[in-house]
Amino acid sequence: MTDSIKHVAITGGTHGNELTGVHLVKHWQSHPIEVKRSSFSTELHLTNPKANKEVRRYIDQDLNRQFNIHDLNNNELAGYEQQRAKSLNKLLGPKENPRVDFVIDMHTTTANMGMSLIFNTDDPLLVGMAFYIKQHMPHAALFYNPSERLEDNFLTSMGRLNGFLIEVGPIAQGLLNYQVYSETQKAVLHALDYLELKNTGQALDLPTQMPGYKFTQKTPLPENERGEISAMVHPNLQDKDYHAIHPGDPLFITLAGETIVYEGESTVYGAFINEAAYYDQHIGLSFMEKIDITLRDSNL
């Protein structure tokens, strides 16, 4: 491996009402042997303690949208989460040349997405990690959301070699559920095992291609002339994350019970369907396209 991993950060509570990551960090702080590996150091961070104490997603702004390099360097951004992002930039970064090599950030969703492995680059290190976890957890969905690291808003982009977001649901905000907790725990430990295997030069029997999904756009809920929500996710679509949405399929249903259909010309796939956390932005779901994800050859 030409560029080994030396420092890995595991983060939880980036959204203060997603308790799975919070309590896994606390568990591992008491049982560090579980996340210890011989070839790199592992550090644990609760990233949004004030929001967690209040069991709120955020105090002023969504913390997981504050890590764009321009925002980190903008001292006029003085909201609580904007300041937390700057503090985390000092702790893990600076973003231009981070101290930490890799970030694993734990999240949960109210949507019926099961185990979703979210990564933002086709770099073999990230793709290989997704493939490795999916080998051990075949039910996992691969969620590709491409972006440039310095421009990326997510906490995972604070890693020198980028990072990996583990999203598990469905679970209501502010709750713990053992199945979700256990699934997240397993996925993180597989991720650490993968980095250990890469660091120590051990052979990995990974496929060259796996099916997955690529984010294309967020789709808003319909609004009236006053900007108020006027429709909701159609019952035929509810809980159908990663299912096909064909032209003409029901998408939303108005408050008066009238169906609004998907008017696109090509089949798409839904994710974060009726995600509670997105209601402040009136977002109903995300559209994805189904793709084959390729693991490029690398001498990492």
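Read-outs throughout are calculated quantities, based only on the coordinates presented, and are distinct from any laboratory measurement. Everything numeric here is computed off the predicted structure, so don't read it as measured data. A quick note on method: Cβ atoms are made from the backbone with ideal geometry, for glycine too, and the neighbour counts reach across all protein chains shown.
Quick notes on this structure:
- Taken about its Cα centre, the stretch 122-241 carries a charge dipole of roughly 180 debye when the Cβ of each Lys and Arg holds +1 and the Cβ of each Asp and Glu holds -1.
- Alpha-carbon centroids, the stretch 130-194 and the stretch 256-294: separation in whole Å: 21
- Low-density loop positions, GluC sites (Glu not before Pro), the stretch 102-195 - DSSP coil, at most 11 other Cβ in 10 Å: Glu148, Glu151
- For the stretch 7-206, the share of DSSP beta bridges that are antiparallel, to the nearest 5, is 20%.
- A cut-off of 5 Å between modelled amide H atoms, ignoring neighbours fewer than 5 places along the same chain, links Ile291 with Gly212, Tyr213, Lys214.
- Fewest neighbouring Cβ atoms within 10 Å first, the residues Ile273, Ile283, Ile253 line up as Ile283, Ile253, Ile273.
- Local electrostatic count, Arg37, Cβ distance below 15 Å [Lys/Arg +1, Asp/Glu -1]: -2
- Those chymotrypsin sites (Phe, Trp or Tyr not before Pro) in the stretch 209-300 that DSSP places in a loop and that have at most 10 other beta carbons within 10 Å: none
- Equivalent ellipsoid semi-axes - Cα gyration tensor, the stretch 7-206, angstrom: 24, 20, 16
- Cα-centre dipole for the stretch 7-206 with unit charges at Cβ (Lys and Arg positive, Asp and Glu negative), debye to 20: 500
- Computed about the Cα centre, the dipole magnitude for the stretch 214-294 is approximately 160 debye when only Lys and Arg (+1) and Asp and Glu (-1) carry charge, each at its Cβ.
- Here the Karplus curve 6.51 cos²θ - 1.76 cosθ + 1.60, taken at θ = phi - 60°, turns the phi angles of the stretch 163-174 into couplings of x, 9, 10, 9, 10, 10, x, x, 8, 5, 5, x Hz, with x standing for Gly and Pro.
- Degrees between helix 80-92 axis and first principal axis of the chain (Cα, 0 to 90, nearest 10): 30
- Angle in degrees between helix 19-30 and the longest Cα principal axis of the chain, rounded to the nearest 10: 10
- Cα centroid of the stretch 66-97 to Cα centroid of the stretch 224-250, whole Å: 35
- Along the stretch 256-263 the Karplus relation, 6.51 cos²θ - 1.76 cosθ + 1.60 evaluated at θ = phi - 60°, assigns HN-Hα couplings of 8, x, 8, 7, 10, 9, 6, 9 Hz to successive residues, with x for each Gly and Pro.
- Among residues other than Pro138 with Cβ under 13 Å from its Cβ, the summed charge is +1 (Lys and Arg +1, Asp and Glu -1).
- For the stretch 134-151, Karplus couplings with θ = phi - 60° (6.51, -1.76, 1.60), whole Hz, Gly/Pro x: 5, 4, 8, 9, x, 6, 5, 9, 9, 10, 9, 10, x, 6, 7, 4, 5, 8
- Dipole of the chain, positive direction: furthest Cα of Phe252, Thr109, Tyr269, with charges on the beta-carbon: Thr109
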